[in-house]
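Chemist: Before anything else, here's the structure in question.
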Amino acid sequence: MGNTVIKAINLTKVYKMGEIEVHALCGLSMEVQQGEIIAIMGPSGSGKSTLMNILGCLDRPTSGEYILDGENVSRLKDDELAKIRNKKVGFVFQSFNLLPRATALINVELPLRYAGSNHNHHEVAKAALEAVGLGDRMNHRPNELSGGQQQRVAIARAIVNDPAIILADEPTGNLDSKAGEEIIELLLSLNRERGTTLIIVTHDPDIAAHTHRIIHIRDGVVVSEERT
Amino acid sequence: MNVLTSFFEALDSLRSNKTRSALTILGIVIGVGAVIAMISIGRGAENSITGSIQGIGTNLLFVLRTQSSDVTNPQPLTLEDAEAISDPFLAPSVAHVAPMLEGQAKVTYDGESQLIIVSGITPEFEIVHNYQVTEGEFISEDQLLGRSSVALIGPDAADNLFGRKTGIVGETIRIEGQPFRVIGVLESKGGSTFTNQDNVVLIPLTTAQTRLFHRSKRNQVDLLIVEAYSPDAVQSASDEVSEILRNRHKTKIGADDFTILKQQDFIETASMITNILTIFLGGVAAISLLVGGIGIMNIMLVSVTERTREIGLRKALGARRVDILVQFLTESATLSLIGGILGILLGWGISYVVGLIAAANKANITPTVTLDTILLATLFSTAVGLFFGLYPANRAAGLEPVEALRYE
Ligand SMILES: Nc1ncnc2c1ncn2[C@@H]1O[C@H](COP(=O)(O)OP(=O)(O)OP(=O)(O)O)[C@@H](O)[C@H]1O
Ligand SMILES: [Mg+2]
């Protein structure tokens with residue numbers, strides 16, 4: 001095994017809703033090595049999405065430490081987190097989250113624009129779209145693409161900045177089983193070809209079976225781990 | 001992201017909701033258009049008013065009698081006063097003095113009668129007012145001494161009485177029933193905005209004294225028009241005239257029975273009044289621009305709410321606070337900039353049409369759209385866009401990414 005990309009120690013997340021406190025994470029620890037594919041499973045409300053938000057630097061833990069790619073990011077400022085997200089994290093959402101008016105190419109370019117580099121955005125974005133098999137759909141808008149194709153555009157967008165980790169929260173949740181299988185196959189092939197670290201939240205045991213390791217979560221803590 | 005990409009992205013997003021953007025822009029168009037039109041019409045009025053005061057003649061002082069209760073024994077102005085003022089030893093700054101008698105009289109020609117201002121004047125009047133005649137000639141010294149029954153007629157008065165402005169010399173008009181031979185027609189001094197200098201009849205001062213306007217004192221006159229040698233000499237001429245009149249009228253210091261009005265004061269007062277008017281009109285128009293700005297704020301707030309998920313996504317992809325801020329500010333600034341440009345055209349158009357209407361009504365107002373007005377309107381409207389865009393943009397920039405992504 002290679003380097004440790006993710007090291008989470010005793011993460012807690014507490015949501016305050018007026019008087020009531022919701023403990024979404026209760027001292028969760030985990031580690032992920034570079035190049036690993038991890039499945040996170042657990043019942044609804046167990047804290048999977050909350051964990052993914054923290055791992056993706058969209059949110060900060062209430063307490064605990066999170067070291068991403070060697071850097072402690074648990075208490076960074078908003079703009080510093082934005083920079084980390086841009087450089088080190090690729091997101092694949094259940095609901096694709098593409099800009100509806102923009103072409104596939106422009107959607108994929110978006111992270112490059114925020115990266116502040118002045119390299120050739122078009123070429124890099126084109127290469128990413130070709131890598132997900134959509135080289136011939138670059139100028140299509142999301143409503144001109146199937147659900148599976150839209151999720152491919154989202155994956156191209158996630159890999160375009162060459163991130164350390166890709167986080168996919170139920171990436172097949174809005175797709176039929178065939179398109180879902182293709183998406184999972186695409187993610188696995190990206191891992192094979194580029195060594196990208198993948199963390200996938202899923203309810204589907206078949207999908208989980210394709211990963212290297214399954215982490216089971218319940219009530220905000222890891223209850224078990226199994227290697228497949 | 002560079003400025004150009006942001007601008008094109010803003011245009012793109014505004015295009016996606018054309019009707020809404022167009023209506024928002026309309027608010028700014030009306031505001032900027034109104035500001036430009038009001039300011040340029042006000043400027044035009046100012047130029048016209050000060051111009052027509054200047055048209056009366058330069059370097060002039062007007063000496064009038066005042067009847068204040070403070071003065072124990074007020075004296076009217078007389079021809080002797082005029083003579084004293086024209087003495088170069090007593091008043092070295094004074095070039096000419098033109099005494100006048102003035103009153104309204106019934107002027108008749110061919111059964112047609114009109115009430116017209118009739119002035120008794122001396123040949124100096126021609127000099128101080130720079131008058132030219134379009135036909136015939138001015139009243140001469142001989143006609144003054146001989147108390148001749150001759151008259152000069154202004155172009156508007158000619159038009160009113162004869163229905164024409166030429167071929168009038170030699171005709172006979174009646175003033176309060178007495179016959180006067182027309183010896184000349186005056187050039188037009190331009191339609192003044194407050195009194196019409198072209199609707200007048202001029203006759204020799206001596207004739208007016210004996211035959212038309214009877215005043216209590218012998219040789220009494222209503223008005224002395226004094227011309228100083230130069231604009232710089234106006235103040236010293238005024239001092240000299242005061243000195244002479246105080247001596248002659250034997251008044252106490254501080255209790256003058258006359259008033260001296262300087263033409264420069266008229267111009268200053270007139271341009272002050274029109275300036276206030278311009279500022280007032282511009283201010284009223286600026287309120288409509290403000291309303292347009294609130295329209296922008298309203299639409300941008302709606303847009304921020306609608307695009308909450310988009311904002312969340314952009315943040316997830318690495319957009320910093322400032323990126324989102326700039327994105328939304330660019331949109332509102334673009335709205336107001338487009339509105340501003342169209343508004344300049346609209347304001348220009350309104351000014352032009354007002355100028356045409358004024359010309360058709362013989363009102364001498366030429367609205368002047370100047371570069372500084374345009375710059376002011378552009379700056380102001382962009383500032384309005386930025387100011388009212390700031391609140392919605394700040395709201396967008398402050399959204400929490402997780403919350404924004406969950407927004408339905
Ligand atoms: N913004 C929030 N405010 C308050 N409570 C929240 C918030 N987000 C999540 N929670 C709570 O935290 C707990 C964990 O939620 P989370 O979304 O992580 O679950 P999940 O495992 O992703 O569930 P699912 O499989 O249904 O997506 C839940 O009890 C949820 O109600
Ligand atoms: Mg979830």
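Chemist: Against the definition (free of Cβ contacts under 8 Å to residues at least 40 places away in the same chain and either closer than 20 Å to A:E130 by Cα or within 16 Å of ligand 1 (Cβ to nearest atom) (or both)), how does A:I166 come out, yes or no?
Modeler: Against the criterion (free of Cβ contacts under 8 Å to residues at least 40 places away in the same chain and either closer than 20 Å to A:E130 by Cα or within 16 Å of ligand 1 (Cβ to nearest atom) (or both)), A:I166 does not qualify.
Chemist: Another one. So in region A:190-202, with the set limited to residues that are more than 16 Å from ligand 2 (Cβ to nearest atom) and touching a helix residue (DSSP H, G or I) at 6+ places or on another chain (Cβ under 9 Å), which one is farthest from the other protein chains (Cβ to nearest Cβ)?
Modeler: Applying the filter and picking the extreme gives A:E193.
Chemist: If you don't mind, there's one more thing I want to ask. Please state which one of A:P111, A:P100 is in contact with a Pro (Cβ under 6 Å, 6 or more places away or on another chain) and either within 11 Å of chain B (Cβ to nearest Cβ) or closer than 18 Å to A:N161 by Cα (or both).
Modeler: Matching residue, one of A:P111, A:P100: A:P100.
Chemist: Ok, one more. Determine whether region A:27-38 contains at least one residue that is touching a residue at least 24 places away in the same chain (Cβ under 8 Å), surrounded by 20 or more Cβ atoms within 10 Å (Cβ to Cβ) and of a type in the set (D, E, K, R).
Modeler: Among the residues of region A:27-38, at least one is touching a residue at least 24 places away in the same chain (Cβ under 8 Å), surrounded by 20 or more Cβ atoms within 10 Å (Cβ to Cβ) and of a type in the set (D, E, K, R), which makes the answer yes.
Chemist: Among (1) over 18 Å from the mean Cα position of the chain (by Cα); (2) more than 16 Å from ligand 2 (Cβ to nearest atom), where does B:R406 come up short?
Modeler: Condition (2) is where B:R406 drops out.
Chemist: Looking only at region A:61-89, which residues are of a type in the set (V, I, T) and either buried (at least 19 other Cβ atoms within 10 Å of the Cβ) or within 13 Å of another protein chain (Cβ to nearest Cβ) (or both)?
Modeler: Of everything in region A:61-89, those that are of a type in the set (V, I, T) and either buried (at least 19 other Cβ atoms within 10 Å of the Cβ) or within 13 Å of another protein chain (Cβ to nearest Cβ) (or both) turn out to be A:V73, A:I84, A:V89.
Chemist: From B:G154, B:G177, B:G136, which residue is more than 18 Å from B:H96 (Cβ to Cβ) and under 27 Å from the mean Cα position of the chain (by Cα)?
Modeler: It is B:G154.
Chemist: Give the residues of region B:122-149 that are buried (at least 19 other Cβ atoms within 10 Å of the Cβ) and closer than 21 Å to B:T108 by Cβ, sorted by residue number.
Modeler: B:I139 - this is the single residue of region B:122-149 that is buried (at least 19 other Cβ atoms within 10 Å of the Cβ) and closer than 21 Å to B:T108 by Cβ.
Chemist: While we're looking at this one, here's another question. I'm told A:Y15 meets every condition in (1) within 16 Å of ligand 2 (Cβ to nearest atom); (2) part of a loop (DSSP other than H, G, I, E, B); (3) surrounded by fewer than 17 Cβ atoms within 10 Å (Cβ to Cβ) except one. Can you identify the failing condition by its number?
Modeler: It is condition (2) that A:Y15 fails.
Chemist: A further question on this structure: Being under 30 Å from B:G42 (Cβ atoms) and hydrophobic (A, V, I, L, M, F, W, C) narrows it down to one residue among B:I121, B:I173, B:I117; which is it?
Modeler: From the options B:I121, B:I173, B:I117, the qualifying one is B:I117.
Chemist: Still on this model: With respect to A:L145, is the statement that it is among the aliphatic types (A, V, I, L, M), over 20 Å from A:K88 (Cα atoms) and in contact (Cβ under 8 Å) with a residue 40 or more places away in the chain true?
Modeler: Taking the combined requirement at face value, the residue satisfies it.
Chemist: Looking at region A:18-54, which of its residues are among the acidic types (D, E) and either assigned to a strand (DSSP E or B) or within 15 Å of ligand 2 (Cβ to nearest atom) (or both)?
Modeler: A:E21, A:E31
Chemist: I need the full set of residues from region A:114-166 which are away from chain B (no Cβ under 12 Å) and at positive phi, in order please.
Modeler: Result: A:G133, A:D162.
Chemist: Something else: Just checking, does region B:220-234 include any residue being at pLDDT below 90, touching a Lys or Arg at 6+ places or on another chain (Cβ under 8 Å), part of a helix (DSSP H, G or I) and surrounded by fewer than 19 Cβ atoms within 10 Å (Cβ to Cβ)?
Modeler: There is no residue in region B:220-234 that is at pLDDT below 90, touching a Lys or Arg at 6+ places or on another chain (Cβ under 8 Å), part of a helix (DSSP H, G or I) and surrounded by fewer than 19 Cβ atoms within 10 Å (Cβ to Cβ).
Chemist: Filter region A:34-56 for residues that are at positive phi and more than 16 Å from ligand 1 (Cβ to nearest atom) and give the result.
Modeler: Scanning region A:34-56 gives a single hit, A:G35.
Chemist: Another one. If I filter region A:57-72 down to residues being within 15 Å of the chain's Cα centre (by Cα) and at negative phi, which single residue comes out as nearest to ligand 1 (Cβ to nearest atom)?
Modeler: Of everything passing the filter in region A:57-72, A:D59 is nearest to ligand 1 (Cβ to nearest atom).
Chemist: While we're looking at this one, here's another question. For region B:243-265, give me each residue that is buried (at least 18 other Cβ atoms within 10 Å of the Cβ), within 18 Å of B:S93 (Cβ to Cβ) and of a type in the set (S, T, N, Q).
Modeler: Answer for region B:243-265, where residues must be buried (at least 18 other Cβ atoms within 10 Å of the Cβ), within 18 Å of B:S93 (Cβ to Cβ) and of a type in the set (S, T, N, Q): just B:Q263.
The values are calculated or read from the model by the stated rules, or taken from the named source; none is laboratory data. This is a predicted model, so every value here is computed, not measured. Cβ coordinates were reconstructed from backbone atoms using ideal geometry, including for glycine residues, and neighbour counts include every protein chain displayed.
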